[in-house]
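Take a look at the structure below.
The values are calculated or read from the model by the stated rules, or taken from the named source; none is laboratory data. Since this is a predicted model, take the numbers as computed values, not measurements. Neighbour counts are summed over all protein chains in view; Cβ atoms, including those assigned to glycine, are modelled from backbone coordinates with ideal geometry.
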Amino acid sequence: MGGALPPQVMGDNAITTQWCAQAKSKKKSKKNKKKDKKKSRRSVETQKFASPSKKSSVSSLASVPTIGKTATASVSQSGTNPLMAVGTPKGMSNQVLNYKAIRVNYNPTYRIPNCVAYELTATMVDMADAPGHENRKNYNYAKDNSVNTCPENWEYRGSGYSRGHIAPAMDMRWDKTAMAQCFYMTNMCPQDTKLNNDHWRILEEKVHRWAKRDKRLMVYTGPIMGKNPKMIGKNKQNIAVPDAFFKVVYAPDQKRAIAFIYDNKPCPGNISKYAVTVAEVERRTGLTFSSAIPKRQCNVDDWQ
């Protein structure tokens, strides 16, 4: 603070001396504040470079590893996506298992799934098909040790049936964890080997392509059980053999749905031969799917 003294103190030495002292004090205080502010700013910058702040790693989305070039995909965790929910009828043994990419409604009595649900997006398909995707040869069938009644791999040996993936490995190649978990025996059913290798695989490949075209699909697959199912496994009485298999496919953005039922035996012919409504799957299994899914649609031409 400088310049001429205020008019009201001109000629009054005592007041002038007091006013000057106050002015000097204010000037010094202001200077010290600037100094402290500058020092504080330097301190913050030093901390910023010395120890960067950590961002939270908590997320409701599953992270997807890079394959080939930089790529990411977002998938609602199987425990949080409402479209994963499948209702089971009263009296059906059911244990819900939420894995990274799939939700398994597992039947502890029959030791096979009642239904497996998952979301498949175009990005996942691109990554699953890209060079460097997860190779199924690097994965083995395994027991989920958190599930008491989960079968062992060897229990299918000599049964005459394949370990049929309910959520196919083809759709899980985009992620290591998703791939490993789809090889859990909780995701398997005894399936006719020829059906597994031929026309059921053709249906799975079509769903894989449909997801790329429609950007996002919800897929539900499971067994259709007879009244007195054949049993295999330890002592030939622990693992139930389905009479047939269903697959429900729903495109949320297009509001389009279709279902298929294949007997558990060789099933030659075009997929249109096996197309049914979602309502028919609900009738045959007792399961209930989301009310968002159209239950009466059955036009294969809408999907080709």
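Confirm whether residue 242 is over 25 Å from residue 301 (Cβ atoms) and not in a strand (DSSP E or B). Walk me through how you get there before you give the answer.
Numbers: over 25 Å from residue 301 (Cβ atoms): yes; not in a strand (DSSP E or B): yes.
It is true that residue 242 is over 25 Å from residue 301 (Cβ atoms) and not in a strand (DSSP E or B).
For segment 256-275, name all the residues that are in a helix (DSSP H, G or I) and not aromatic (Phe, Trp, Tyr).
271, 272, 273
Looking at segment 276-293, which of its residues are within 11 Å of residue 88 (Cβ to Cβ) and in a helix (DSSP H, G or I)?
Listed by number, the list holds a single entry, 285.
Out of 114, 138, I need the residue that is assigned by TED's automatic domain parsing to the domain that holds residue 226 and surrounded by fewer than 19 Cβ atoms within 10 Å (Cβ to Cβ). Which one?
138
What is the one condition in (1) free of Cβ contacts under 8 Å to residues at least 24 places away in the same chain; (2) closer than 21 Å to residue 89 by Cα that residue 259 does not satisfy?
The single condition residue 259 does not satisfy is (1).
Can we say residue 132 is free of Cβ contacts under 8 Å to residues at least 12 places away in the same chain and out of contact with any helix residue (DSSP H, G or I) (no Cβ under 9 Å at 6 or more places or on another chain)?
On the way: free of Cβ contacts under 8 Å to residues at least 12 places away in the same chain: no; out of contact with any helix residue (DSSP H, G or I) (no Cβ under 9 Å at 6 or more places or on another chain): yes.
Taking the combined requirement at face value, the residue does not satisfy it.
Taking only segment 101-119 into account, find how many residues are among the hydroxyl-bearing types (Ser, Thr, Tyr) and within 17 Å of residue 248 (Cβ to Cβ).
Looking only at that region, the number is 1.
Can you confirm whether segment 198-210 contains a residue that is over 21 Å from the mean Cα position of the chain (by Cα), within 21 Å of residue 94 (Cα to Cα) and either crowded, with 19+ Cβ neighbours inside 10 Å or among the aromatic types (Phe, Trp, Tyr) (or both)?
Start the filter on segment 198-210 by keeping residues that are over 21 Å from the mean Cα position of the chain (by Cα), which leaves 198-203.
Narrowing the set further to residues that are within 21 Å of residue 94 (Cα to Cα) leaves none.
No, the conditions are met nowhere in segment 198-210.
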